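Asks: Attaching a single structure in structure tokens format; questions to follow.
The values are calculated or read from the model by the stated rules, or taken from the named source; none is laboratory data. What you see is a predicted model; the values in this text were computed from it and never measured. With ideal geometry, Cβ positions are generated from the backbone for all residues, glycine too; neighbour counts draw on all protein chains shown. Just so you know, the surface numbers come from the protein's heavy atoms only, side chains and all, with ligands and any DNA or RNA stripped out. Shrake-Rupley method; radii C 1.70, N 1.55, O 1.52, S 1.80 Å.
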Amino acid sequence: MTSALQVHHLTKKYPTFTLQDLSFDLPQGTIIGLIGENGAGKSTLIRCLLQMSKPDQGEIEPPIKDFNQLSYIPDSCVFPEILTIEQLEQDFASIYKHWESAKFWDMVKRFKLPHKQKLKTFSKGMKVKLAFCVAFSHHAKLLILDEATSGLDPLIRDEILDLLLEFIQKEDHTVLFSTHITSDLEKVADYILYIHEGKKMFMDTKDDLMEKYVIMHCTQDEYQKLPSSKIVRVIKQPYQMDVLVEKKEAEYTFDTPTLEDLMRMYSKGEKR
Amino acid sequence: MDIIITMRSDKPIYEQIESQLKEMIVSQKLKAGDPIPSMRALAKDLHISLITVKKAYENLSRDGLIETIVGKGSFVASLNTEQLKEEKQREIEALLSKACQEAKATGIRKDTLKELIDILYEGELL
């Protein structure tokens, strides 16, 4: 598969935190979910990808130099809020090399966004929808979302998932979606990249992750009898042992894990 | 075309898509040469990931049921009667296998089962 981006041994040091030796590929034409606890390094990684931070070591190939090809939607509104959509649109037409005015207004109409109201009167949902209108209108090939949907109601989030699926209708369009709302990723993500304490824990297709593992609930005695090679991670609960194992090793009582469960097992769990 | 998927099944989503498309092709509801939605379009309309759809399509392609032509899309492959028969036979084997298992589990003898098949085949119980 073609890569939209390849990251090689990326390291970035801060006084209290280090992003360590990250290597991964972003497969072109897919939606990659980026998950990890607060402070795990997701935003640091994104800043390095956007060339807003310079890594101490490692490379990003190709380096994102042409912002025409990139659309970045962070948690807060990036547009000046004293402007109206009408005023903004004129700026975009002169900033972007390939600005598609008709497409932009089409989408603005689709989302029923007001043309002549200042952005500061918009709800969060409206501001995010505006960001998408812009993202679709300048021939962007890579869309990076950093917690762009936090605080939005489930209906709007669902609309946004639809927009992401619409964005990747073209094979050379790729989405990197950093979010805490793992249930959204369970619906539409192709790949999941999990960063924990600055390190890459795994990057796998979402389907493989959801199908490969189960969480077994067993007694202390049953746990003691398990060979170490079967145990991916274990958490001791007050009345049971939660053990992450591959599906083919499942016995006793077990559940299919959600992405949230996998994160919990990997971050709080131990190997035996 | 109807494709129903549920998140609450034991069957993984790619399998649900695969078996429904297979059923439509083998029963000739979809005929040789009929177009089927592109992987990306189907993913969007079913509100699921591209890779899930891709897996279903790859399996159908591997089994000779569909063909994907780069730049044109995906189409139902031309199946000859032999292939269709083979597919159906595979399905019937699976159903009979289940019947045998249940019969064994409840102590119904093979002779009784064979008698049952004779009666059903001749249409007497229906």
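Asks: Taking the alpha carbon gyration tensor of segment B:81-122, what are the square roots of 5 times its eigenvalues, largest first, to the nearest whole Å?
Replies: On the way: eigenvalues 113, 35, 6 Å².
Three semi-axes, in Å: 24, 13, 5.
Asks: Among B:L96, A:S228, A:I168, whose Cα projects farthest towards the positive end of the dipole of the protein assembly as shown, with charges put on the beta-carbon of Lys, Arg (+1) and Asp, Glu (-1)?
Replies: A:I168
Asks: Something else now. Considering only DSSP beta bridges where both residues belong to segment A:3-197, give the percentage that are antiparallel (nearest 5).
Replies: The antiparallel fraction comes to roughly 40 percent.
Asks: Stretch A:L50-A:D172 to full length: gain in nm at 0.36 nm per residue minus the Cα-Cα span?
Replies: 42.1 nm
Asks: Assigning unit charges at the beta carbon (Lys, Arg +1; Asp, Glu -1) and nothing else, what dipole magnitude in debye, to the nearest 20, does segment B:81-122 show about its Cα centre?
Replies: 220
Asks: Could you give each residue of segment A:49-66 its phi-based ³J(HN,Hα) in whole Hz, using Karplus coefficients 6.51, -1.76, 1.60 with θ = phi - 60°, and x for Gly or Pro?
Replies: With coefficients 6.51, -1.76 and 1.60, one gets 4, 7, 6, 7, 10, 9, x, 6, 9, x, 9, 10, 10, x, x, 7, 9, 9 Hz.
Asks: Any idea what angle helix A:154-167 forms with the longest principal axis of chain A, computed on alpha-carbon atoms, 0 to 90 degrees, nearest 10?
Replies: It works out to around 80 degrees.
Asks: Same structure again: Identify the residues of segment A:198-226 with backbone N under 19 Å of a label point that sits 7 angstrom from the Cα of A:S23 along the Cα-to-Cβ direction, or state none.
Replies: A:198-205
Asks: What is the set of long-range amide H partners of A:T174 at a cut-off below 5 Å, with H atoms built 1.01 Å from backbone N?
Replies: Long-range HN contacts for A:T174: A:G29, A:L142, A:L143.
Asks: So with the 1.4 Å probe, I'd like the accessible area per residue for the protein assembly as shown, rounded to whole Å².
Replies: It amounts to 54 Å² per residue over the protein assembly as shown.
Asks: Compute the distance from the alpha-carbon center of segment A:1-49 to that of segment B:10-71, in whole Å.
Replies: Comparing the Cα centres of segment A:1-49 and segment B:10-71, I get a distance of 33 Å.
Asks: Reachable lysines from A:K116, Cα under 28 Å, same-chain residues fewer than 8 places away excluded?
Replies: Of all the lysines, those that pass the test against A:K116 - Cα under 28 Å, at least 8 places apart if same chain - are A:K97, A:K103, A:K124, A:K127, A:K129.
Asks: Taking amide H positions as placed 1.01 Å from N in the peptide plane, with prolines and chain starts having none, which residues 5 or more places from A:A4, or on another chain, fall under 5 Å of its amide H?
Replies: Excluding prolines and chain starts, which carry no amide H, the hits are A:L26, A:Q28.
Asks: How much of A:R272 can a 1.4 Å solvent probe reach, expressed as accessible area in Å² and rounded to 10?
Replies: Its heavy atoms expose roughly 120 Å² to the probe.
Asks: Before rounding to the nearest 500, sum -39500 (n - 2.57) across all DSSP H runs of length at least 4 in the protein assembly as shown and divide by the residue total; then give [θ] at 222 nm in deg cm²/dmol.
Replies: On the way: 14 runs with 156 residues, N = 398.
One gets -12000 deg cm²/dmol as the mean residue ellipticity at 222 nm.
Asks: Roughly how much of B:E23 is accessible, in Å² to the nearest 10, using a 1.4 Å probe?
Replies: Rounded to the nearest 10, that gives 80 Å².
Asks: Could you give the length gained by full extension between B:Q28 and B:S78, i.e. 0.36 nm per residue of separation minus their alpha carbon distance, to one decimal place?
Replies: That pair, B:Q28 and B:S78, stretches by 16.9 nm at full extension.
Asks: Just the Kirkwood number for chain B, please: inverse of mean 1/r across all distinct Cα pairs, in Å, one decimal.
Replies: Values: mean 1/r = 0.0596 Å⁻¹.
Over chain B, the inverse of the mean reciprocal pair distance is 16.8 Å.
Asks: What is the distance in Å between the Cα centroid of segment A:106-165 and that of segment A:182-229?
Replies: Going from one Cα centre to the other spans 31 Å.
Asks: Sticking with this one: At 10 °C and 1.306 mPa s, what whole-number value in µm²/s does Stokes-Einstein give for the translational diffusion of segment B:13-76, with Rh from the Kirkwood sum over Cα pairs?
Replies: The calculation lands on 137 µm²/s.
Asks: Can you tell me the 0 to 90 degree angle between the C-alpha axis of helix A:259-268 and the longest principal axis of chain A, rounded to 10?
Replies: 60
Asks: Check A:K118: other-chain or 5+ apart residues with amide H under 5 Å from its amide H, H built from backbone geometry?
Replies: none
Asks: Percent of accessible area on the protein assembly as shown owned by carbon and sulfur, 1.4 Å probe?
Replies: Numbers: 11110 of 21660 Å².
C and S fraction of accessible area: 51 percent.
Asks: In a Debye calculation with equal point scatterers on the alpha-carbon sites of chain A and no solvent, what is log10 I(q)/I(0) at q = 0.07, 0.10 Å⁻¹?
Replies: Debye intensities relative to I(0), on a log10 scale: -0.30, -0.59.
Asks: Check the straight Cα-Cα distances from A:K12 and name the aspartates and glutamates below 20 Å, setting aside those fewer than 8 residues away within the same chain.
Replies: A:D21, A:D25, A:E37, A:D56, A:E59, A:E61, A:D146, A:E197
Asks: If N is the number of residues in segment A:81-213, what value comes out of its Cα radius of gyration divided by 2.2 N^0.38 Å?
Replies: In units of the 2.2 N^0.38 Å rule of thumb, it is 1.17.
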